[in-house]
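Heads up, the thing below is written out as structure tokens.
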Amino acid sequence: MNTKTLGTLTTSAIGLGCMGMSPAYGDADRDESIATVHAALEAGITLLDTGDFYGAGHNELLLAEALHDVPRDTYQLSVKFGGQVSPDGAFLGFDGRPVAVKASAAYSLRRLGTEYIDIYRPARLDPTVDIEETVGAIGDLVDAGYVRRIGLSEVGAETIKRAASVRPITDLQIEYSLASRGIERDILDTCRDLGIGVTAYGVLSRGLISGHWTKSSGGQGDSRTASPRFSGENLDRNLALVETLRGVAEELGITVAQAAIAWVASRGDDIVPLVGARTRARLVESLGAVDVVLTDRQLAAIEAAIPADQVAGERYPTAHMAALDSER
């Protein structure tokens, strides 16, 4: 496995996003999820990403089970906190207060069965709390040894600068794919000016540009079916773009998913794609992108297949878009 650098952290060139192993996209198979985590580690993936609100703690408990007998120094845990969820699964907002930061860390450490978290980050900006306060509280956890490094998620350039004025920031986690390139406006340049890496989630746009999604995909409990890009005429337009990408990928001798992941990976040595594989089969396909080296002409052909301004629909429903500091 090749490596990349996020701030001062050396990690695998590709990471595993574990959200889908909890009931976000419908039911997930527990045994297959654990087997997928093990397969990722065996393949050399060291970066595992989770959130304390994924399945209301389910995801952290699942990872704890999967990692029970795995030496702690062989993997890195990236944990998001702050998402507030009601018992029925409804999203209530985000809490970035210092007291909430520390309480959330206490629960995550216990659920994960670990003494420290490698990267700890607020899932979104809490509009009622200065980012300096939130980052300062994570800094206290760093000083106490409970957290190794500080990350951010889905925040804009100005917020990144303010956060970095308080403590060193290791990375920004943000959606980045052929279908979502907003980071390229000013956020990516800001991160690079400050020596901050990027962990790119949604590299397959939640499966939309994986080459596997069809109009009949999704089912009960799959949140994607309510997303603008997966709905109605938007879906028809977007799947047509995917078919164009399929033609390019076939000429390159790779799959649609591998083309999309390799494109994100090509954006820089400071960008680590997170793949949300829920099964070993999907993981193996994603891993095939690691060694794909694309020429400038091939990269241009991939970009032309899915022009960002031709993707139909926002990446989240309206209420979720409003919570994205990165989109302001």
Are any residues in segment 241-268 part of a loop (DSSP other than H, G, I, E, B) and either among the charged types (D, E, K, R) or buried (at least 22 other Cβ atoms within 10 Å of the Cβ) (or both), and if so, which ones?
Arg267
Which of the residues spanning segment 168-187 are open to solvent by 60 Å² or more (accessible area, probe 1.4 Å), over 16 Å from Asp269 (Cα atoms) and out of contact with any Ser or Thr (no Cβ under 9 Å at 6 or more places or on another chain)?
Arg185, Asp186
Matching helices (runs of 4 or more DSSP H) fully within segment 269-328 where at least 2 residues are open to solvent by less than 70 Å² (accessible area, probe 1.4 Å)
280-287, 296-305
Against the definition (among the hydroxyl-bearing types (Ser, Thr, Tyr), modelled with pLDDT of 90 or more and on the phi < 0 side of the Ramachandran plot), how does Thr255 come out, yes or no?
yes
Within segment 171-222, residues being hydroxyl-bearing (Ser, Thr, Tyr), in a helix (DSSP H, G or I) and out of contact with any Lys or Arg (no Cβ under 9 Å at 6 or more places or on another chain) number 0
Residue ID - farthest from Arg267 (Cα to Cα), chosen from residues in segment 188-212 that are open to solvent by 30 Å² or more (accessible area, probe 1.4 Å) and of a type in the set (A, V, I, L, M, F, W, C)
Leu194
Can you find a residue in segment 142-150 that is open to solvent by 10 Å² or more (accessible area, probe 1.4 Å), over 26 Å from Val256 (Cβ atoms), β-branched (Val, Ile, Thr) and under 20 Å from the mean Cα position of the chain (by Cα)?
no
Out of the residues in segment 42-64 that are among the small types (Gly, Ala, Ser) and in a loop (DSSP other than H, G, I, E, B), which is surrounded by the most Cβ atoms within 10 Å (Cβ to Cβ)?
Gly55
Looking only at segment 65-91, how many residues end up being among the hydroxyl-bearing types (Ser, Thr, Tyr) and exposed (fewer than 14 other Cβ atoms within 10 Å of the Cβ)?
2
Look through segment 99-124, keep the residues that are touching a residue at least 12 places away in the same chain (Cβ under 8 Å), open to solvent by less than 50 Å² (accessible area, probe 1.4 Å) and in a helix (DSSP H, G or I), and return whichever of them is farthest from His68 (Cα to Cα).
Ala100
Of a type outside the set (A, V, I, L, M), outside any strand (DSSP E or B) and under 20 Å from the mean Cα position of the chain (by Cα): does that describe Gly96?
yes
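The values are calculated or read from the model by the stated rules, or taken from the named source; none is laboratory data. None of the values given here were measured: they were computed from a predicted structure. Every residue, glycine among them, receives a Cβ derived from its backbone with ideal geometry; neighbour counts consider all protein chains shown. These area figures cover heavy atoms from the full protein model, side chains too; ligands, DNA and RNA do not enter into them. Shrake-Rupley method; radii C 1.70, N 1.55, O 1.52, S 1.80 Å.
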